[in-house]
Amino acid sequence: CTSGLRACFPSPKMAAPVSLLVEFGGGAELLFDGIKKHQVTLPCQPEPWDIRNLLKWIKQNLLKERPELFIQGDTVRPGILVLINDADWELMGELDYKLQDQDNVVFISTLHGG
Amino acid sequence: MCQAQEEYGGCDQPQRRPRVSCAQKCMKCKEASPVLVIRVGDAFCKACFREYFVHKFRAMLGKNRAIYPGEKVLLALSGGPASSSMLRQVQEGLSREIAKKLRFIPGIIYVDEGAVCGQSLAEREETLLQMETILQASGFPYHLAHLEEVFDLPSSILQRAPHSPAGPENSYKEAVEGFICQQRREEGGSPSLPERRIQEKLAELSMREAPGTEGLAAPGARLLGAVRTEQLVQLFGSVKTLTAKEELLQTLRNHLILHTARAQGYSKVMMGDSCTRLAVKLLTNLSLGRGASLAVDTGFSDDRHGDVVVVRPMREYSAKEIAFYNHLFGVPTVFTPALDTKALEKASIHRVIERFLFGLQAEFPSTVSTVYRTGEKLSTAPGDADPATGAAEPQHCLLCLCALDTNVEDGSALQAILVSEQLSQQRLPAASPAGRGCCPGAEEQRGCCMNTTAPGADARADFLPLLCYGCRLTIKDTTCLESLPLYVRSEAERRKCRAAMKLEIQEFLLEDEAVNPGES
């Protein structure tokens, strides 16, 4: 793609745009304007989308305040559970899980103060 | 000198998190694919997890044999995940048709603390609406309390009621068998069981106001409510640190729940403290100087009030298990912002410890359960007679009702703290010539103006000896003692007068062993 071209043509080298349902619970929604469910479409990019990139994307685009209460380093803050399609992310490879279209990612905070 | 590579004999590295993959099967049924990992590497599928979760609750109650059949038990619901999960377990346990169903009579209490957490009236009403939906759906009698009601509590709350006789261990089985026989007889004969339910509902209706006219809604009551809210806000405003605020909030909440339990005839209160929460509480209490009461604060049953026993049936569930259960099986929760929501990480001791423990847990998944198991080994010693007063009952803290741990013995940590405090506050007598310049005419007073002899300090000096060390720290952070609720102040006054009176008549009291010199 040359600079100036906005349209994204799926090609073998680029990942297709990924559409996800991202949910927040347990108080984590306070950092996202109190909205629990977010239907997001991740733009296409050369590298395939994984949880690591998703977190960066969330930090830039969804997180309204206090990023340190959600993200620590390149992973979630200890105490925040991540579920991918209703399964523990530890079973899916944690940060390295490659996101698929229509996946459901849930972040639940188990911390006292949200 | 330690070398990094050397291993001490028999000392292993704490177990780091092993990588579990989805390709493994559920460790229990070995058939379905797992949905979550519990503890260290135990993968469970959805059905097995549900069974494990439900079984653990019943096993906890059964193992401790604390709840007798037919007993009235008050469930303390905060809307959070653990207490909501507890409510669901009680519902499931009571609804079983088989003989192994739970046999107690539950009620629910929800305490609205919105005033303290800075919520507006509209936000509080919305939260209450959401909570009422859940409460009504449960089908159990429920009580909505506002923290403002704490100002109307009687001072008998702070007095330890005599322990109701629970009966020896072997009578638990007899009680259960007797209950089952009675139920069978009742089902065959008169319909006293549904009748009893209706009586309860009627009793509960008469005590609760009509729906829609809770304490804050009626005009006269609304004014009173506003005054109380103002008082509450003022009380918490006079507390300087977040740590002390949290401690005070917990104390007041416990008093309110206890009062409701006593007023409505509940002999047990179930709190939804999870394993994770208790591990944090254990370390926090150690940091707050409440080490002496760790056993009652984190154990399964807490009988410091005497007649009402607090039990913690969720204490073996980690926060992760509870969160997963709630998500997978649709347990409704209501999130209410707490005092420390979005606070800075070092805002209070509770936050610091929570962050420390969670951070460690992320890398070493057995941290929380290790702390918990160590806490489990603590047990309450039977109440010792206080040798100083010679009375049969030991002294108890005014606020938290734990046995007072402030016996200042030689060489104790408390003595060291008190000495350092005195040294850092008082001017030494040798320094008073230098102080003469700043306080003309006050040479006779020791330490001149540096010594606080204001009336407020006197009241505080009278108040502090009635408290255990942990509560003293909380009260020291409270600038205005007058804003404490009346029941606290009147009970403090009563105890002070009793102590003064006892001192006056001390020489006339007969000792148990001493022989009256008047007798031959």
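The values are calculated or read from the model by the stated rules, or taken from the named source; none is laboratory data. Just so it is clear, the structure is predicted and the values come from calculations on it, not from any experiment. When we count neighbours, we look across all protein chains shown, and the Cβ atoms used for this are built from the backbone with ideal geometry, even at glycine.
Hey, can you tell me all the residues within the range B:365-382 that are in contact with a helix residue (DSSP H, G or I) (Cβ under 9 Å, 6 or more places away or on another chain) and more than 14 Å from B:Leu278 (Cα to Cα)?
B:Ser379, B:Thr380, B:Ala381
Please work out if B:Phe358 is in contact with a Pro (Cβ under 7 Å, 6 or more places away or on another chain) and modelled with pLDDT of 80 or more.
Yes; evaluated as a whole, the condition is true for this residue.
Could you please find all residues in the range B:278-306 being part of a helix (DSSP H, G or I) and either within 14 Å of chain A (Cβ to nearest Cβ) or not hydrophobic (A, V, I, L, M, F, W, C) (or both)?
Across the range B:278-306, the qualifying residues are B:Leu278, B:Ala279, B:Val280, B:Lys281, B:Leu283, B:Thr284, B:Asn285, B:Ser287, B:Gly291, B:Ser293, B:Asp297, B:Thr298.
Could you tell me which residue of the range A:96-109 is surrounded by the most Cβ atoms within 10 Å (Cβ to Cβ), considering only residues that are more than 12 Å from chain B (Cβ to nearest Cβ) and out of contact with any Pro (no Cβ under 9 Å at 6 or more places or on another chain)?
This residue is A:Val105.
Criterion first (surrounded by 22 or more Cβ atoms within 10 Å (Cβ to Cβ), more than 17 Å from B:Gln89 (Cα to Cα) and either at pLDDT 90 or above or within 11 Å of chain A (Cβ to nearest Cβ) (or both)) does B:Ala347 satisfy it?
The answer is no for B:Ala347.
Please tell me if A:Glu90 is facing chain B (nearest Cβ under 8 Å) and more than 23 Å from B:Gly80 (Cα to Cα).
Yes: the conditions hold for A:Glu90.
Considering each of B:Leu102, B:Leu94 in turn, give the residue that is in the same structural domain as B:Val239 (by TED's automatic domain parsing), more than 19 Å from B:Asp273 (Cβ to Cβ), free of Cβ contacts under 8 Å to residues at least 60 places away in the same chain and crowded, with 19+ Cβ neighbours inside 10 Å.
Answer to the selection: B:Leu102.
State the number of residues belonging to the range B:256-272 that are crowded, with 23+ Cβ neighbours inside 10 Å and not aliphatic (A, V, I, L, M).
The number of residues fulfilling the criteria is 2.
Give B:Val352, B:Val309 a once-over and let me know the one that is over 21 Å from B:Arg58 (Cα atoms) and more than 8 Å from chain A (Cβ to nearest Cβ).
One residue alone meets the criteria, B:Val352.
For residues that are free of Cβ contacts under 8 Å to residues at least 24 places away in the same chain, facing chain B (nearest Cβ under 9 Å) and among the aliphatic types (A, V, I, L, M), tally how many sit in the range A:65-87.
The number of residues fulfilling the criteria is 1.
State all residues of the range B:253-283 that are among the acidic types (Asp, Glu) and within 24 Å of B:Leu484 (Cβ to Cβ); if no residue qualifies, say none.
Within the range B:253-283, no residue meets the criteria.
Could you list, in sequence order, the residues of the range B:312-332 that are at the interface with chain A (Cβ under 8 Å from one of its Cβ atoms) and either acidic (Asp, Glu) or surrounded by fewer than 21 Cβ atoms within 10 Å (Cβ to Cβ) (or both)?
B:His327, B:Leu328
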